[in-house]
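The values are calculated or read from the model by the stated rules, or taken from the named source; none is laboratory data. Everything quoted here is computed from the prediction, not taken from an experiment. Cβ coordinates were reconstructed from backbone atoms using ideal geometry, including for glycine residues, and neighbour counts include every protein chain displayed.
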Amino acid sequence: MTCKRGETYSQDQRFLLPQSIDDIEDIEKYAPGGFHPVHLGDTYDDGRYRIVHRLGAGGFATVWLARDETEEKWVALKIVVAKHSASVGGKCYLGHQAASSLSSGPKFAAELRRFTIEGPNGHHLCLVLPVLGPSAAQLSSYFDSRLQPWLARRTGYQAAKAVDAVHAQGLCHGDVTAANILFTLLDIDHLGESDIYRLFGPPVTEVLKTESGEATGPEAPRYIVKALDFLSATSNIIGNDVELIDFDQCFPVSSPPKKMLGTPTEYLAPELAVGLPAGPASDVWALGCCLFRLRAGEGPFSNYEVTSPGDVIRIIVQTLGDMPPEWQDTLWDYDGQPTKDPSKGEPLSKWEGERSLKDLVRGIWDQPEGNVVVTGTTRPEPLVYNDRENTPFPSCFSDMAWKPTAVRVDNVYIFGYSDEGDAMLEAMPKIPEREAALLYDLLSKIFVYDPKKRPTAGEILKHPWFHMDGQPD
């Protein structure tokens, strides 16, 4: 088994994946140039910041809940991998400038301050950021969690407003994903460490073991920490607003990067996938993917087979039809990367079948009343039930999100990735026809091959899908 998140920093697998903790950082990046090893209770910047819990991780950094002992408040401490600390620092500065210049309107997680540390894996940039709640990706994640429709629309509107504000500063965000749209929190600065643990439970850890059986060296932590679960809290401290974060890939519109952005494959605009430069329109495409994800719980161009630019072009072709003629000469290497070198690539081999965007939208399933669907069918029950998976979120979250695996279809709780699971989803109530028509109209304008024909983020804000509940914000 290997971690799938991001690039690896070693040719050989050195660590065993923890068995009791999922959604972890790429543990093979605990190597020179990679992640800095962090333990609960560690302090940074001459003792100012004390690590209390883990908030999450990405391809370029780990993020920790820390107590600012100087100002007596909670902060998010983002520790960047050593090999990218210099480049991330410059790009984050661009985002910080943009966020600082916007005194009103959309909210951005602008850094509070920064410092550097020297560790066993190199020199690391540390960004001090405001503490935010779960991401839109966490709250709208297929079987794990789904946003209530009104909040999906509100969140999408605020995300579009943020992207429009970034573009107005002459910048592209470069990494507009549901994982980079974070919900705000109510004020927690008055809470102490014991209050945090009482609210969310103490951190869950598991010893990090090596393939060789030897103890980990100084380059790796002694244990892995499970990320804090906001939906496990005894009371809801999550707000209804969102902020756009992570300007690691931000760039001026006038000077797009020459290399392909590190955007997750499923969010790649087709022009990026074929090797053309990024621009505001590629942010808009990614925003469209976010809008679908917010309402459907999954991306429009995501499945287990989509792992490379070539793959995402294949699924886009299935959905929109053939690429423009001027892109047809693009070749694809063994790893699915675009190339112009005939010795390294081949023409695109298409996937069979077609997908209809309209059908994808109409197939979005919603929460049934009382979390029960009755069709009169007796269904084969799974051998084992997971009480935790089949227990709804605490009632304090019911206006915000719901858990699909807590829904019963006849005599069985929903489960997925099987013929029977698919049949159960077919029985679920679907997105209302009027909303489906509006959402399809919006997405069909965004998902076009020609970047010049896509609406701007500002134009998107006027679309009636966002205004079904009145003024979104």
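Scan the range 184-221 for residues that are touching a helix residue (DSSP H, G or I) at 6+ places or on another chain (Cβ under 9 Å), touching a residue at least 60 places away in the same chain (Cβ under 8 Å) and not in a loop (DSSP other than H, G, I, E, B) and report the count.
The qualifying residues number 1.
(1) among the small types (Gly, Ala, Ser); (2) assigned to a loop (DSSP other than H, G, I, E, B); (3) touching a residue at least 60 places away in the same chain (Cβ under 8 Å): which one isn't true of GLY470, the others all being true?
(3)
Here is a list: ASP419, ASP441. Which entry is without any contact (Cβ under 8 Å) to a residue 60 or more places away in the chain and assigned by TED's automatic domain parsing to the domain that holds PRO270?
None of the other options fit; the residue is ASP441.
Among the residues of the range 275-306, write down those that are modelled with pLDDT of 95 or more and either among the polar types (S, T, N, Q) or not assigned by TED's automatic domain parsing to the domain that holds THR155 (or both).
SER282
Taking only pairs six or more apart or across chains, which ones have beta-carbon atoms under 6 Å, a first residue in the range 109-120 that is under 30 Å from VAL166 (Cα atoms) and among the aromatic types (Phe, Trp, Tyr), and a second residue that is at pLDDT 90 or above and part of a loop (DSSP other than H, G, I, E, B)?
Note: pairs meeting the criteria are PHE115/ASP45.
Which residues, taken from the range 444-461, are closer than 18 Å to ARG295 by Cα and without any contact (Cβ under 8 Å) to a residue 40 or more places away in the chain?
Listed by number, the list holds a single entry, LYS445.
Please state which one of LYS403, LYS358 is within 22 Å of ASN303 (Cα to Cα), assigned by TED's automatic domain parsing to the domain that holds ALA436 and surrounded by 12 or more Cβ atoms within 10 Å (Cβ to Cβ).
LYS358
Here's a check for you: in the range 57-87, which residue that is surrounded by fewer than 21 Cβ atoms within 10 Å (Cβ to Cβ) and in a helix (DSSP H, G or I) is modelled with the highest pLDDT?
Out of the qualifying residues, it is LYS83.
Give the residues of the range 106-120 that are in a strand (DSSP E or B) and out of contact with any strand residue (DSSP E or B) (no Cβ under 7 Å at 6 or more places or on another chain), sorted by residue number.
The answer is GLU118, GLY119.
If we keep just the residues of the range 135-183 that are modelled with pLDDT of 95 or more and in a loop (DSSP other than H, G, I, E, B), which is surrounded by the fewest Cβ atoms within 10 Å (Cβ to Cβ)?
Among them, the one singled out is GLN148.
Kindly provide the set of residues from the range 3-26 that are within 21 Å of the chain's Cα centre (by Cα) and modelled with pLDDT of 50 or more, ordered by number.
ILE21, ASP22, ASP23, ILE24, GLU25, ASP26
When residues of the range 30-56 are filtered for being within 22 Å of THR205 (Cα to Cα) and either free of Cβ contacts under 8 Å to residues at least 60 places away in the same chain or in a loop (DSSP other than H, G, I, E, B) (or both), how many remain?
Number satisfying all stated conditions: 14.
Evaluate the following for GLU435: is it of a type in the set (Asp, Glu) and touching a helix residue (DSSP H, G or I) at 6+ places or on another chain (Cβ under 8 Å)?
So GLU435 fits the description; yes.
Quick one: which residue in GLY458, GLY416, GLY370 is in a helix (DSSP H, G or I) and surrounded by 12 or more Cβ atoms within 10 Å (Cβ to Cβ)?
GLY458
Matching residues to (1) within 16 Å of VAL448 (Cα to Cα); (2) of a type in the set (Val, Ile, Thr):
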{"position": "LEU276", "(1), (2)": "yes, no"}
{"position": "ASP283", "(1), (2)": "yes, no"}
{"position": "SER308", "(1), (2)": "no, no"}
{"position": "ILE313", "(1), (2)": "yes, yes"}
{"position": "VAL317", "(1), (2)": "yes, yes"}
{"position": "GLU326", "(1), (2)": "yes, no"}
{"position": "PRO338", "(1), (2)": "no, no"}
{"position": "GLU352", "(1), (2)": "no, no"}
{"position": "ARG355", "(1), (2)": "yes, no"}
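What number of residues within the range 233-274 satisfy the criterion of being at pLDDT below 90 and over 19 Å from HIS84 (Cβ atoms)?
2
Of the residues GLY239, GLY275, only one is over 26 Å from VAL63 (Cα atoms), surrounded by fewer than 18 Cβ atoms within 10 Å (Cβ to Cβ) and in contact (Cβ under 8 Å) with a residue 40 or more places away in the chain; which?
GLY275
Can ILE224 be described as touching a residue at least 40 places away in the same chain (Cβ under 8 Å), part of a strand (DSSP E or B) and more than 16 Å from the chain's Cα centre (by Cα)?
When the stated conditions are applied, ILE224 passes them.
Does ASP195 satisfy the condition of being over 28 Å from ALA86 (Cα atoms) and either of a type outside the set (Val, Ile, Thr) or assigned by TED's automatic domain parsing to the domain that holds VAL407 (or both)?
So ASP195 passes the test.
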